[in-house]
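Notes for the one structure printed next.
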Amino acid sequence: MHGHNRGSDQLNLAHTSLTLTRAGGDSSFRIMRERVPCFILLTLALVVCAPTPGRAQTATGINDLTFGNVLPGVPKTISKRTAGAAAEYSVTGDAGDQVLIDFSLPTHLRDNGNTLLITFSATDCAIDSSDPGDQSNPAWDDRDPRNTLTATLGSGGLTIWLGARTQPSAQQPSGNYSAEIILTVSPAGT
């Protein structure tokens with residue numbers, strides 16, 4: 001059963017697997033239904049822009065960082081190149097302007113008092129100034145989102161992609177885990 005509650009931007013999925021077992025010693029099979037715990041994770045991307053008068057940039061969240069099903073004890077990585085799952089942001093402004101890009105990144109996702117570790121590596125961010133942005137071959141690749149980044153706006157602005165890794169424990173409770181990612185874009189040199 002699949003459901004999506006637009007009001008809370010959280011996904012809920014029930015996943016059922018089928019197991020075939022032999023009934024007695026004969027060659028017939030019996031179908032056993034087993035509930036398999038799965039998680040749906042959605043990090044909510046909140047975009048903040050710090051404009052300076054006369055040099056306006058606008059930052060917009062295009063896609064949330066979405067992990068989908070994650071199983072207890074099995075780490076899951078979303079690459080910055082994974083269209084539709086990697087976080088995606090668009091920055092517009094005057095072509096040729098340099099901007100500073102700062103992320104405020106969570107260390108944990110949360111659901112009803114439970115936490116789930118999330119990490120960002122030195123290569124989890126990519127930036128492209130072509131129009132449209134090329135997620136498979138960005139101009140600025142393998143950037144560290146934990147540090148302030150500098151980029152130059154192209155005629156179509158910038159597109160920024162962000163990946164991450166979750167590390168659920170073997171006893172991780174199921175749930176809809178989420179956290180905020182805050183992006184701040186400001187003109188360089190101010």
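Only the coordinates and a few stated rules stand behind these numbers; no lab work does. Note that this is a predicted model, so its numbers are computed, not measured. Neighbour counts are summed over all protein chains in view; Cβ atoms, including those assigned to glycine, are modelled from backbone coordinates with ideal geometry.
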Using the number of other C-beta atoms within 10 angstrom as an exposure proxy, rank D128, D111, D134 with the fewest first.
D134, D111, D128
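Only Lys, Arg, Asp and Glu count, each charged at its Cβ (+1, +1, -1, -1), so figure out the dipole size of the stretch 38-187 about its Cα centre, rounded to 20 debye.
420
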So what's the projected area for the stretch 38-187, the Cα convex hull averaged over all directions, in nm²?
8.2
Based on the Kirkwood radius over alpha-carbon pairs, what value in µm²/s does the Stokes-Einstein equation return for the translational diffusion coefficient of the stretch 64-112 at 4 °C and 1.567 mPa s?
92
